[in-house]
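Single-structure report; data block below.
The values are calculated or read from the model by the stated rules, or taken from the named source; none is laboratory data. Quantities reported herein were computed from a predicted structural model and do not represent experimental measurements. No Cβ is skipped: glycine too gets one built from the backbone with ideal geometry, and neighbour counts run over all protein chains shown. Calculation scope for accessible area: heavy atoms of the full protein, side chains included, ligands and nucleic acids excluded. Shrake-Rupley method; radii C 1.70, N 1.55, O 1.52, S 1.80 Å.
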Amino acid sequence: PAAVLSAGELLANGRNGLPGMGDLMIVDVGGATTDIHSYAEHTTHEGARYVGAVEPYVKRTVEGDLGMRESSDTLFAEVGMDVFSGRVDASEQQIRQSISRRVANTNYLPDSDYEIEIDNIIATHCGRLAARRHSGKIERVLTSKNTNRIQIGKNLTRIRTIIGTGGVVVNNSNPSRLLESALADRSAEPN
C-alpha cells in the first residue's frame, strides 16, 4: 500500500522537472478488497458548502467487502442477481454456484468465456462501488429560507486519469471497460 501511495503521488506531481499527470485515481481490484487511492487538492464543488474535516491530498480507502474472491459473495448480495443475469446466459443457480466457487477457492482462475464474464462483472462493480464510497457527495439541505447544497467528503470531479491495477484489470482484454464504472455519474448529482 505504501508503494502504491508513493507511486501515485509521483505520477500525479512529477519529479526532477518532469511534469506530473495532475489529479488522478488508482483503482486496485484485489481478491479480498478493492482499494482506491486519490491524488487531488481539497476543493469545494461548485455552489456547495463544505462540511466536515478537510480531505487530504493523498487519500486511500480499502473496501473489505468488495473483492474478486473472498468477498465476491458480499458484492453479489449488494448488487443483486439482475446485474449478473442481465449479462450472462445462465440460470440463477449456475450464477450462485460460480460465485460460491470463487469464495471457496481463492486461487480460482476462470476457464471459460462465461466465467471470465462473471469476473468482469465482479470487477466492474468492485471498482464502481469502491469509487463511490471513496468520493465525496453533494446533498441538498432544505432550510426555512432556501435549499443549500452541502459537500461531504472529497471532491474528485477534476480527476481525468484513472489507473487500474490488480490481476483482473492488468490481465483483462478490455481493462478500460472495467474502469469506466469508476467515473463520476453526473446524472446522480443533485441540482
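Are any residues in segment 133-179 among the charged types (D, E, K, R) and without any contact (Cβ under 8 Å) to a residue 24 or more places away in the chain, and if so, which ones?
Of everything in segment 133-179, those that are among the charged types (D, E, K, R) and without any contact (Cβ under 8 Å) to a residue 24 or more places away in the chain turn out to be 137, 145.
Note down all Cβ pairs under 6 Å where the first residue falls in segment 70-94 and is closer than 12 Å to residue 114 by Cβ, the second is open to solvent by less than 50 Å² (accessible area, probe 1.4 Å), and they're at least six residues apart or on different chains.
Between residues of segment 70-94 that are closer than 12 Å to residue 114 by Cβ and residues that are open to solvent by less than 50 Å² (accessible area, probe 1.4 Å), the close pairs are 84/95; 84/121; 87/121; 88/117.
Answer yes or no: is there a residue in segment 155-165 that is hydrophobic (A, V, I, L, M, F, W, C), in a helix (DSSP H, G or I) and in contact with a Gly (Cβ under 9 Å, 6 or more places away or on another chain).
Within segment 155-165 (the criterion being hydrophobic (A, V, I, L, M, F, W, C), in a helix (DSSP H, G or I) and in contact with a Gly (Cβ under 9 Å, 6 or more places away or on another chain)), the answer is no, since none of the residues qualifies.
Regarding residue 29, is this residue in contact with a Cys (Cβ under 8 Å, 6 or more places away or on another chain) and open to solvent by less than 70 Å² (accessible area, probe 1.4 Å)?
Spelling it out, residue 29 is indeed in contact with a Cys (Cβ under 8 Å, 6 or more places away or on another chain) and open to solvent by less than 70 Å² (accessible area, probe 1.4 Å).
Can you find even one residue in segment 103-111 that is open to solvent by 50 Å² or more (accessible area, probe 1.4 Å) and within 14 Å of the chain's Cα centre (by Cα)?
Looking for residues that are open to solvent by 50 Å² or more (accessible area, probe 1.4 Å) and within 14 Å of the chain's Cα centre (by Cα), one finds none in segment 103-111, hence no.
Given the residues 99, 36, which is the only one that is over 16 Å from the mean Cα position of the chain (by Cα), closer than 30 Å to residue 113 by Cβ and surrounded by 17 or more Cβ atoms within 10 Å (Cβ to Cβ)?
After ruling out the rest, the residue left standing is 99.
If the Cβ limit is 9 Å and pairs must be 6+ apart or interchain, which residue in segment 40-60 that is within 18 Å of residue 25 (Cα to Cα) and aromatic (Phe, Trp, Tyr) pairs with which residue that is outside any loop (DSSP other than H, G, I, E, B) and open to solvent by less than 50 Å² (accessible area, probe 1.4 Å)?
Every condition considered, the pairs that remain are 57/12; 57/38; 57/39.
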